[in-house]
Amino acid sequence: MSAIGTLDPIRGGGEATPALFRPLSAEDEEQLPDEIESLCMACHSNGVTRLLLTRIPFFKEIIVSSFACNRCGSTNSEIQSAGRIQDQGVCYTLTVRSKQDMNREVVKTDCATARVPELDFEIPAFSQKGALTTIEGLIERAIEGLKQDQPSRRENHPDVAEKIEEFICKLKRLKDVESAFTFILDDPSGNSFVENPHAPQRDEALVVTHYRRTAQQAALLGIEVDLTDSVDDLRNEVLQFGTNCPECNAPASTNMKLVQIPHFKEVIIMATNCDACGHRTNEVKSGGAIEPLGTKITLHVTDPSDMTRDILKSETCRVEIPELEFELGMGALGGKFTTLEGLLKDIQTLVEKNPFTLGDSSTSDKAEKLCAFGRKLQQVVDGQLRIHFVLDDPAGNSYLQNVYAPEEDPEMRVEHYERQFEQNEELGLNDMKTEGYEADGTSQR
């Protein structure tokens, strides 16, 4: 609905008043502009502003304004949308193949961006006032703007003036349509328009795309961002915040991304990179709550391709390999989103670089056992040794990829179980009360 709309019929059953916005037509003799006396900003005398309220067929209502000063000759013209900012932005992509395409009507608002990719040419948003013109008129307007300071450029910067002159020649060749080119008009307000001469039929040369505005575009338009939109944007955006490097304590940046794992849930992946010392680390946090039941996942590794399975190991997850008599407790290695091969290599690195087991204070027997364990772990990675790999997470927030999903995996078993008191104690659930705590607080008083 237009912000101005049409006038209501005269009360009392008389004839209806004519529409305030009439279709744009050269044959309509009754469609005359309104004239308003206004101040000329060049000579500060009075000039005349003409306002025409019109409606473009198959588009919407606009206000065309034109100012002229008889004293100094100053002129100015622009258009404004008479409606509200649309719910979505719009992008028109037109393939210009003939001079007839150059005569298409174009409504370009001040927040729209016009581009010709073949020339790497762009008219940025808010660099020009809104205009009701044609494609040829937009190019001619750009040519006039580039010519404006050419005399001074030839004197002060002849090299720059020569390059601009070459580009002006390219723009003139565009007007002659010596070869086909692409014209793109992108308007986040949704109020720009490129004429379809075949309307209401489809135009094969014109592609119209509607899109959701980004938070930056909404801020430029001066409108608030819908909270539901911002939540959706979080899933498609990498957030960054400042932190300190855990190794050298120098300022560093941490990237955070919300990721949806298929057939599982959302997780938060965090990665820190220090430019000072080169330290890099990544960590995974669960994006949901602690599950009502614990989860135990057992995978029978029978093929080297099992090493490529995605795996999410939360901070509360224990890792077991019964064939190697190995167990990794809760909290070790932190949260990780990697592959099975990547996790086994992290375990191998953790064992090899442990100073308390392979340092000067270790015994030869202990060092030999750990070296033998490292060799067996490498055999598992190489696919030479079959094992059972167990993920036991009392919080239920760990995941191992099922390559047969949504069907059951014959080599993988998933069990859900009731947590024991000790497991709830480790998770801090025994002392957590989310219901009825108001009554307990009142009784203790």
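Subtract the Cα-Cα distance of Asp34 and Asp275 from 0.36 nm times their separation in residues, and report this length gain in nm to one decimal.
Working: separation 241, 0.36 × 241 = 86.76 nm, distance 6.34 nm.
Between Asp34 and Asp275, full extension yields an extra 80.4 nm.
For segment 85-224, what class follows from the C-alpha gyration tensor (a ≥ b ≥ c being the square roots of its eigenvalues): rounded when a/c is under 1.5, otherwise prolate if a/b is larger than b/c, else oblate?
In terms of gyration-tensor shape, oblate.
Report the dimensions of segment 238-288 along its three principal axes from the alpha-carbon atoms, largest first, rounded to Å.
39, 16, 14 Å, listed from the longest principal axis down.
7 Å from Cα along Cα→Cβ at both His157 and Glu325: what's the point-to-point distance in nm?
In this crude label model, His157 to Glu325 measures out at 7.7 nm.
Would you mind checking Lys108/Lys175; Lys313/Lys353; Lys336/Lys369; Lys257/Lys353 for any pair whose Cα atoms are more than 25 angstrom apart? Spell out each step's value before the answer.
Values: Lys108/Lys175 18 Å; Lys313/Lys353 21 Å; Lys336/Lys369 27 Å; Lys257/Lys353 30 Å.
From the list (Lys108/Lys175; Lys313/Lys353; Lys336/Lys369; Lys257/Lys353), the Cα-Cα distance tops 25 Å for Lys336/Lys369; Lys257/Lys353.
Determine the shape class of segment 264-356: with a ≥ b ≥ c the square roots of the Cα gyration tensor eigenvalues, call it rounded for a/c under 1.5, and otherwise prolate if a/b is greater than b/c, oblate otherwise.
On the way: a/c = 1.56, a/b = 1.12, b/c = 1.40.
Taking the square roots of the gyration eigenvalues as a ≥ b ≥ c, segment 264-356 is oblate.
Under unit Cβ charges (Lys, Arg +1; Asp, Glu -1), what dipole magnitude, rounded to 20 debye, does segment 238-288 have relative to its Cα centre? Walk me through the numbers before you get to the answer.
On the way: 4 positive and 4 negative charges, 35 e Å.
That gives a dipole near 160 debye.
For Asn282 and Thr308, FRET efficiency with R0 = 22 Å and r from the beta-carbon atoms, rounded to 0.05? Display every interim value, and only then the final one.
Values: r = 19 Å, r/R0 = 0.84.
So, using R0 = 22 Å, E works out to roughly 0.75.
If packing is taken as the average number of other Cβ atoms within 10 Å across a peptide's residues, how do 31-37, 347-353 rank, most packed first?
Values: 31-37: 11.4, 347-353: 14.3.
Highest mean packing first, the order is 347-353, 31-37.
Measure off 7 Å from each Cα along the Cα-to-Cβ vector at Glu165 and Ile268, then give the distance between these two points in nanometres to one decimal.
Between Glu165 and Ile268, the label points sit 6.1 nm apart.
Computed from the coordinates by the stated procedures, all read-outs in this text should not be read as laboratory data. These figures come from a predicted structure and were not determined experimentally. Please note: Cβ atoms are built from the backbone with ideal geometry, for glycine as well, and neighbour counts cover all protein chains shown.
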